[in-house]
Amino acid sequence: MKRFSQRLKVRSYELDAQGHVNYAVYLNYLEYCRVLTLEQVGLPFEAFIAKGTFIIIAEVHAKYLAPAFLGDELDVTMEALTAGRTSMTFRQDVINVKSGKTIFTADIVAVFINKAGKPIAMDDEFRKVFD
């Protein structure tokens, strides 16, 4: 399966009282990576919405390994682990560029639904991107 990566830099408003990235911000980093990756491969969220198709995150299993601090450059990666009829499970890692160490990892389950909130078959173009 293909692995995608997006780079970002830790901003001051993402820090908690201890001076490191707040735990909840990592989920924003993962979302940033997924959205930007889809845009770069020609599948922006707006195209799915126009078709009445939505990709929701149904499950997150996360593990915090080390903190990130103001100014750190991070690579946020994304690769598909498994694909079903209506869902795909991704592994996403946050890697500190300077140290090369993974500081956060998560398995994310994304599900395709329609406007009524019912699961639907995964978009074929979406599936092909991650094969």
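Filtered by the rule that a residue be in a strand (DSSP E or B) and exposed (fewer than 12 other Cβ atoms within 10 Å of the Cβ), segment 60-81 gives 61, 63. Within this structure, residue 86 fails the test of being surrounded by 14 or more Cβ atoms within 10 Å (Cβ to Cβ), under 12 Å from the mean Cα position of the chain (by Cα) and touching a residue at least 24 places away in the same chain (Cβ under 8 Å).
When the residues of segment 44-58 are narrowed to those that are out of contact with any Ser or Thr (no Cβ under 8 Å at 6 or more places or on another chain) and assigned to a strand (DSSP E or B), which ends up surrounded by the fewest Cβ atoms within 10 Å (Cβ to Cβ)? Lay out the reasoning, then the answer.
Of all residues in segment 44-58, those out of contact with any Ser or Thr (no Cβ under 8 Å at 6 or more places or on another chain) come to 44-57.
When the remaining residues are screened for being assigned to a strand (DSSP E or B), the result is 54-57.
On the way: 54: 15, 55: 21, 56: 12, 57: 14.
Here the residue is 56.
Anything in segment 89-100 that is surrounded by 12 or more Cβ atoms within 10 Å (Cβ to Cβ) and in a loop (DSSP other than H, G, I, E, B)? List them, or say none. Before the answer, list the steps.
Filtering segment 89-100 for residues surrounded by 12 or more Cβ atoms within 10 Å (Cβ to Cβ) gives 89-97.
Once the filter is applied, which keeps residues that are surrounded by 12 or more Cβ atoms within 10 Å (Cβ to Cβ) and in a loop (DSSP other than H, G, I, E, B), segment 89-100 yields only 97.
Whether a residue is assigned to a strand (DSSP E or B), under 13 Å from the mean Cα position of the chain (by Cα) and among the aromatic types (Phe, Trp, Tyr) was assessed, and residue 112 does not pass this test. What tally of residues in segment 114-128 results from selecting those that are buried (at least 17 other Cβ atoms within 10 Å of the Cβ) and touching a residue at least 60 places away in the same chain (Cβ under 8 Å)? Of the residues in segment 114-128, 1 are buried (at least 17 other Cβ atoms within 10 Å of the Cβ) and touching a residue at least 60 places away in the same chain (Cβ under 8 Å). Taking (1) among the charged types (D, E, K, R); (2) assigned to a helix (DSSP H, G or I); (3) touching a strand residue (DSSP E or B) at 6+ places or on another chain (Cβ under 9 Å) in turn, residue 7 satisfies each apart from (2).
For segment 98-121, the criterion of being hydroxyl-bearing (Ser, Thr, Tyr) and in contact with a Lys or Arg (Cβ under 7 Å, 6 or more places away or on another chain) is satisfied by at least one residue.
Computed from the coordinates by the stated procedures, all read-outs in this text should not be read as laboratory data. This one's a predicted model, so the numbers in the text were calculated from it and none came from an experiment. Neighbour counts are summed over all protein chains in view; Cβ atoms, including those assigned to glycine, are modelled from backbone coordinates with ideal geometry.
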